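The values are calculated or read from the model by the stated rules, or taken from the named source; none is laboratory data. The model shown is predicted, which means the values in this text are computed figures rather than measured ones. Backbone-built Cβ (ideal geometry, glycine too); neighbour counts: all protein chains shown.
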Amino acid sequence: MSWLIDWLYPKKCLGCGRGDDYLCNFCERKIKIAGLRQKSGFEGLISIYKYDGVMKKIIEEIKYQHLSAAIESLGQKMGQSLKINYPETVKHWQKEHFVLVPIPLYKGRENWRGFNQAREIAVVVAQKLGLEYAEILERKKKGVNLAKIHNHQQRMAEIKGVFRVKNEIERREKIILVDDVITSGATMTEALKTWKKVSPQGRGWGLSLAGVRR
Ligand SMILES: [Zn+2]
């Protein structure tokens, strides 16, 4: 169906609506790099871009227009940025055989949207960095929009128990959880917790296209 969508929505910059690519040079220069942060339970958490301004608009446009081709092109940029800005981390992932694992969407929502952005990103980045990709988690129920809940406790309560490990036999000890956006980190933390019940010795990273610092 993606060809139809590309035809309905001709390629133009998602930041400003001009040009003939998903991100023009002008808008790309306005996007700020987010960086690495620490979070308990994780070896590290990397968001490539700051979730504000142009990036916020781009992610909303992708969701609204169902642009899987655009997310693929952003995944390429992510892979490139990881190699340039985090060469030691990338080497560490490669040497230790970390596996990229997308944060799953609830099936109904994925069918409606046609794709899961986290998965698209994970596939492209895995390819770009020469890492393995595996769908280890699934989402049991539809979650509410966590971005709308500002209370931390409430957010954690809302996300608790939504994930399940798909295949407990095929264990992975080193994973990089991938999502499109990391805001509070509640989703990432819950996904890591769920996975650690099966792999208690496991080591996990978090990676996203965009993120905020808290
Ligand atoms: Zn632009």
Hits in region 1-33 (condition: away from the ligand (no atom under 15 Å from the Cβ) and either closer than 13 Å to ILE71 by Cα or modelled with pLDDT of 90 or more (or both)):
SER2, ASP6
Quick test for you: out of GLU138, GLU120, pick the one residue that is closer than 24 Å to ARG172 by Cα, at pLDDT 90 or above and not in a strand (DSSP E or B).
GLU120
Taking only pairs six or more apart or across chains, which ones have beta-carbon atoms under 7 Å, a first residue in region 111-138 that is small (Gly, Ala, Ser), and a second residue that is assigned to a helix (DSSP H, G or I) and at pLDDT 95 or above?
GLY130/GLN94
Candidate set: region 34-47, residues that are in contact with a strand residue (DSSP E or B) (Cβ under 6 Å, 6 or more places away or on another chain) and assigned to a strand (DSSP E or B); chosen: the one farthest from the ligand (Cβ to nearest atom)
GLY44
Please go through region 160-188 and give me each residue that is among the β-branched types (Val, Ile, Thr) and at pLDDT 95 or above, ordered by number.
ILE175, ILE176, VAL178
Looking only at region 48-58, which residues are in contact with a strand residue (DSSP E or B) (Cβ under 6 Å, 6 or more places away or on another chain), within 15 Å of the ligand (Cβ to nearest atom) and not in a strand (DSSP E or B)?
MET55
